[in-house]
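K.L.:
Here you go, one structure.
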Amino acid sequence: MTEAPPTRYRRHRFPAEIIAHAVWLYFRFPLSLRDVEDLLAERGINVSFQTVSEWAAKFGLRFAQQLRRRSRGHFADKWQLDEMVVTIKGKKYWLWRAVDATGYVLDALLQGRRNKAAALRLMRKLLKSQRRAPRVMVTDKLRSYSAAKSELMPGVEHRSHKGLNNRAENSHLAVRRRERRMMRFKSARQCQRFVSTHGQIANLFLLHRKFLSAADHRQLRAHAFSTWREIALSIAA
């Protein structure tokens with residue numbers, strides 16, 4: 001019995017499984033492109049870090065879009081919003097982020113302002129992607145949130161207190177680690193592309209291990225890997 005040929009993406013000489021694995025390594029762990037190149041080389045897969053970069057840019061967002069579609073409607077109805085400063089080529093930007101009550105990333109949006117218009121843009125994006133309003137919205141004391149919420153979601157309960165917003169603030173840490181590893185983002189477009197992909201892949205493998213038995217954790221992790229492989233092969237189809 002002959003073995004089935006490996007699935008390949010169009011115009012790519014490496015099998016889809018290898019490309020998906022390289023993309024997974026890059027977005028799942030705080031690795032540089034050269035780190036991923038070395039990890040693949042140790043397994044006998046000789047690709048350059050430039051090729052890994054091209055794979056991450058080309059396929060990362062495709063995988064993230066598939067994950068976003070699958071997770072739609074499965075998040076908690078309590079949203080936490082926060083923003084952090086990102087400096088790119090000497091210019092200050094604000095990375096706005098929303099997570100649910102369990103820490104899953106709902107969305108991230110890089111903007112040049114920290115005002116009502118920027119808060120409105122984030123909330124409109126969230127409502128469009130989640131297709132529903134939250135029950136509760138938690139933010140820090142930035143007044144732009146209150147002004148935007150009053151205009152867009154006047155019936156939603158709003159809790160404004162810095163101490164209540166730890167999940168959103170902690171969700172920035174992974175991006176901060178990657179920013180240092182990458183020696184800062186090179187452009188606003190690269191930053192937005194990275195955070196849009198990173199958040200969705202992080203969600204898939206966020207298993208809240210401390211609340212699970214070892215057997216349950218292994219089962220959920222196996223399901224996450226199965227979902228990842230299914231998405232990688234569906235894009236190749």
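K.L.:
Quick check: is even one residue across region 158-168 surrounded by 12 or more Cβ atoms within 10 Å (Cβ to Cβ), of a type in the set (A, V, I, L, M) and in contact with a Leu (Cβ under 8 Å, 6 or more places away or on another chain)?
P.N.:
Scanning region 158-168 turns up at least one residue that is surrounded by 12 or more Cβ atoms within 10 Å (Cβ to Cβ), of a type in the set (A, V, I, L, M) and in contact with a Leu (Cβ under 8 Å, 6 or more places away or on another chain).
K.L.:
Out of ALA214, ALA232, which single residue is under 19 Å from the mean Cα position of the chain (by Cα), farther than 19 Å from ARG97 by Cα and in the same structural domain as SER53 (by TED's automatic domain parsing)?
P.N.:
ALA232
K.L.:
Moving to a separate point now. Among the residues of region 97-115, which ones are touching a residue at least 24 places away in the same chain (Cβ under 8 Å) and surrounded by 18 or more Cβ atoms within 10 Å (Cβ to Cβ)?
P.N.:
Across region 97-115, the qualifying residues are ARG97, ALA98, VAL99, ASP100, TYR104, VAL105, LEU106, ASP107, ALA108, LEU109, LEU110.
K.L.:
For region 183-211, enumerate the residues that are assigned to a helix (DSSP H, G or I), among the aromatic types (Phe, Trp, Tyr) and buried (at least 16 other Cβ atoms within 10 Å of the Cβ).
P.N.:
Filtering region 183-211 for residues assigned to a helix (DSSP H, G or I) gives 188-204, 209-211.
Checking which are among the aromatic types (Phe, Trp, Tyr) leaves us with 194, 211.
Within region 183-211, just PHE194 meets the criteria.
K.L.:
Also, I was wondering about something else. Please give the number of the condition VAL85 fails out of (1) among the hydrophobic types (A, V, I, L, M, F, W, C); (2) assigned to a helix (DSSP H, G or I); (3) assigned by TED's automatic domain parsing to the domain that holds ARG177.
P.N.:
Unmet condition: (2).
K.L.:
I'd like to verify a number: residues in region 111-140 that are assigned to a helix (DSSP H, G or I) and either among the β-branched types (Val, Ile, Thr) or more than 25 Å from LYS92 (Cα to Cα) (or both), how many?
P.N.:
The total comes to 4.
K.L.:
When region 190-237 is examined, which residues are found to be closer than 17 Å to LYS58 by Cα and of a type in the set (Val, Ile, Thr)?
P.N.:
Matches in region 190-237: VAL195, THR197, ILE201, ILE231, ILE235.
K.L.:
Any idea which residue in region 36-60 is farthest from GLN192 (Cα to Cα), counting only those that are of a type in the set (A, V, I, L, M) and part of a helix (DSSP H, G or I)?
P.N.:
ALA41
K.L.:
Look at region 88-109 and say how many of its residues are in a strand (DSSP E or B) and more than 30 Å from ARG209 (Cα to Cα).
P.N.:
Count: 5.
K.L.:
Continuing with the same structure: Scanning region 134-152 for residues that are β-branched (Val, Ile, Thr) and farther than 12 Å from GLU83 by Cβ, which turns out surrounded by the fewest Cβ atoms within 10 Å (Cβ to Cβ)? I'd like the intermediate steps shown before the answer.
P.N.:
Residues of region 134-152 that are β-branched (Val, Ile, Thr), as a first pass: 136, 138-139.
From what is left, the residues that are farther than 12 Å from GLU83 by Cβ are 136, 138.
Numbers: VAL136: 15, VAL138: 23.
Per the criteria, the residue is VAL136.
The values are calculated or read from the model by the stated rules, or taken from the named source; none is laboratory data. Note that this is a predicted model, so its numbers are computed, not measured. Virtual Cβ from ideal backbone geometry, glycine too; neighbours counted across all protein chains shown.
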